[in-house]
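Notes to accompany the following structure.
The values are calculated or read from the model by the stated rules, or taken from the named source; none is laboratory data. Worth saying up front: this structure is predicted, and the values here are computed from it rather than measured. In this analysis, Cβ positions are derived from the backbone assuming ideal geometry, glycine residues included, and neighbour counts consider all displayed protein chains. We work out accessible area using only protein heavy atoms, side chains counted, and drop any ligands, DNA or RNA first. Shrake-Rupley method; radii C 1.70, N 1.55, O 1.52, S 1.80 Å.
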Amino acid sequence: MTVNPRLAPFGTTIFAEMSALAIELDAVNLGQGFPDTDGPTEVLDTAVEAIRSGLNQYPPGPGMLVLRQAIAEHQRRFYGVDYDADSEVLVTAGATEAIAGALLGLLQPDDEVVVFEPMYDSYQACIALAGARSVPIVLRPPGYRPDLDAVRRAIGPRTKAILVNSPHNPTGTLFTADEMATIARIATEHNLIIISDEVYEHLVFDGLRHHSMAEHPGARERTLVISSGGKTFRTTGWKIGWLCGPANLVGAARAAKQFLTYVNGAPFQPAIARGLGLPDSYFAGVARDLQERRDQLVPTLRAVGFDVFASSSTYFVTVDVAPIAPGTGGKEFCLRMAREAGVVAIPNEVFYTAQNRTAGRSLVRFAFCKRREVIAEACERLGRWKP
Ligand code: PMP
Ligand code: GLN
């Protein structure tokens with residue numbers, strides 16, 4: 001292999017691997033987190049009109065003004081936080097590029113980043129690409145609450161940033177306002193940057209509410225808030241994301257981002273701007289709809305015999321397979337379930353650092369962002385299966 005040694009440990013992403021397997025086996029894909037219905041008509045129509053009206057060339061480097069203004073307005077409307085659309089908002093190729101831009105733009109070799117694992121797989125890879133190190137804090141079932149004393153202990157002279165993801169992939173845990181405020185306080189005490197991945201900000205259930213990290217005292221001036229239109233508007237293939245923060249941090253991310261994609265998705269930018277301005281009823285409806293799908297899937301997972309951990313947000317629910325397949329690893333279990341039951345899920349061990357992989361060994365993530373009939377089919381297949 002000729003791959004850069006910094007990337008070598010990460011191989012092919014599990015999402016590509018499991019989605020390919022689902023196609024090969026004609027299995028129900030509850031693995032990779034993407035919806036199987038289109039987003040709101042207003043958003044789709046705006047993109048079509050934009051293409052027809054000739055918005056098909058490079059947009060401006062920081063993103064189109066209409067979208068930057070819509071993002072700033074969205075942060076004000078939902079979180080009461082003000083950003084200057086010119087200097088404090090950057091449009092990116094999905095949240096994935098916002099994460100890459102932030103980490104590559106800010107980190108130097110041997111810097112350390114405190115992360116909570118399990119974690120979205122691009123964090124570790126980008127931290128490693130920057131030559132920096134992940135310092136993981138393990139979130140443990142059943143509650144997956146962050147151990148904030150462990151965060152304090154993890155901070156040393158080389159710590160540059162804390163990377164937070166709430167609502168949390170893959171567990172569906174929502175950090176409380178107190179937990180977020182404590183992380184903000186720790187970061188302030190140690191003069192650390194916070195990178196706050198909030199892509200599931202609107203997908204929160206059971207009457208709970210997400211608070212942006214930037215709302216908490218001391219946080220706004222040291223936090224890059226990252227989000228994306230993909231989850232909220234069911235347009236994951238458009239890859240329109242963004243980050244917001246103080247101009248110096250946004251500038252650092254922009255310095256790296258301009259050499260990654262430079263720009264992307266011109267006709268999709270006004271469309272996501274349109275989406276961000278939809279009425280409150282749209283955002284509440286997306287959450288309600290996903291909550292119903294969670295409630296459709298979870299009883300079957302319990303009936304099959306999994307230990308199911310509560311999910312109060314995102315597209316995902318995590319289960320422990322140990323009660324029905326003692327000693328079996330999640331990856332092996334997922335491959336068997338795909339072949340024998342025709343249902344694909346994601347083994348959570350890929351969301352852990354190598355040193356803590358055993359913490360996720362028997363855990364598996366199911367996505368419920370699918371049509372009701374697809375979830376029903378998965379439930380029927382799982383109900384028939386004798387693991
Ligand atoms: N962060 C988290 C926690 C995610 O689950 C995802 C979705 N894969 C992303 C970032 C990336 O979002 P996008 O598709 O907008 O790049
Ligand atoms: N965020 C989605 C997930 O966690 C998709 C990730 C991807 O395909 N890179 O499943």
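Points to keep in mind about this one:
- Filter result for GLY172 (under 17 Å from the mean Cα position of the chain (by Cα) and among the small types (Gly, Ala, Ser)): yes
- Filter result for ARG6 (open to solvent by 60 Å² or more (accessible area, probe 1.4 Å), at pLDDT 95 or above, farther than 19 Å from ARG234 by Cβ and basic (Lys, Arg)): no
- Residue count for the range 186-198 satisfying the condition of being of a type in the set (A, V, I, L, M) and either modelled with pLDDT under 95 or open to solvent by 10 Å² or more (accessible area, probe 1.4 Å) (or both): 1.
- On inspection, SER212 fails the criterion of being in contact with a His (Cβ under 9 Å, 6 or more places away or on another chain), crowded, with 22+ Cβ neighbours inside 10 Å and farther than 19 Å from LEU107 by Cβ.
- Checked against the criterion of being over 30 Å from ARG288 (Cα atoms) and open to solvent by less than 40 Å² (accessible area, probe 1.4 Å), the candidates GLY342, GLY329 yield just one match: GLY329.
- Meets criteria (more than 16 Å from ligand 2 (Cβ to nearest atom) and touching a Lys or Arg at 6+ places or on another chain (Cβ under 7 Å)) for ALA325: no
- Note on the range 9-35: among residues that are within 16 Å of ligand 1 (Cβ to nearest atom) and surrounded by fewer than 12 Cβ atoms within 10 Å (Cβ to Cβ), the one that is nearest to the chain's Cα centre (by Cα) is ALA16.
- Filter pass, GLY172 being within 16 Å of ligand 2 (Cβ to nearest atom), farther than 22 Å from GLU88 by Cα and outside any loop (DSSP other than H, G, I, E, B): no
- Some residue of the range 311-329 being in a helix (DSSP H, G or I) and within 24 Å of the chain's Cα centre (by Cα): no
- Residue match in the range 115-132 (condition: in contact with a Ser or Thr (Cβ under 8 Å, 6 or more places away or on another chain), farther than 27 Å from LEU7 by Cβ, within 16 Å of ligand 2 (Cβ to nearest atom) and of a type outside the set (Ser, Thr, Tyr)): no
- Residues satisfying the stated conditions in the range 163-190, i.e. polar (S, T, N, Q) and without any contact (Cβ under 8 Å) to a residue 12 or more places away in the chain: THR176
- Residue within the range 233-242 that is crowded, with 22+ Cβ neighbours inside 10 Å and part of a helix (DSSP H, G or I) present: yes
- Candidate set from the range 13-64 (those that are in contact (Cβ under 8 Å) with a residue 40 or more places away in the chain, part of a helix (DSSP H, G or I) and touching a strand residue (DSSP E or B) at 6+ places or on another chain (Cβ under 9 Å)); member that is farthest from ligand 2 (Cβ to nearest atom): LEU25
- Condition broken by SER312, with the remaining ones in (1) within 16 Å of ligand 1 (Cβ to nearest atom); (2) surrounded by 21 or more Cβ atoms within 10 Å (Cβ to Cβ) satisfied: (2)
- Residue check, GLU373 free of Cβ contacts under 8 Å to residues at least 40 places away in the same chain, under 21 Å from GLY33 (Cα atoms), surrounded by fewer than 23 Cβ atoms within 10 Å (Cβ to Cβ) and away from ligand 1 (no atom under 16 Å from the Cβ): yes
- ARG274 being under 30 Å from ARG52 (Cβ atoms), in a loop (DSSP other than H, G, I, E, B) and open to solvent by 20 Å² or more (accessible area, probe 1.4 Å): no
- Among the candidates GLU221, GLU189, residue that is over 24 Å from GLN69 (Cα atoms) and charged (D, E, K, R): GLU189
- All conditions but one from (1) crowded, with 19+ Cβ neighbours inside 10 Å; (2) out of contact with any Leu (no Cβ under 9 Å at 6 or more places or on another chain) apply to ILE71; the one that does not is (2).
- Residue in the range 320-328 that is out of contact with any strand residue (DSSP E or B) (no Cβ under 8 Å at 6 or more places or on another chain) and closer than 30 Å to ARG133 by Cβ present: no
- Looking across the range 296-310, the residues that are assigned to a loop (DSSP other than H, G, I, E, B) and in contact with a strand residue (DSSP E or B) (Cβ under 6 Å, 6 or more places away or on another chain) come down to PHE306, PHE309.
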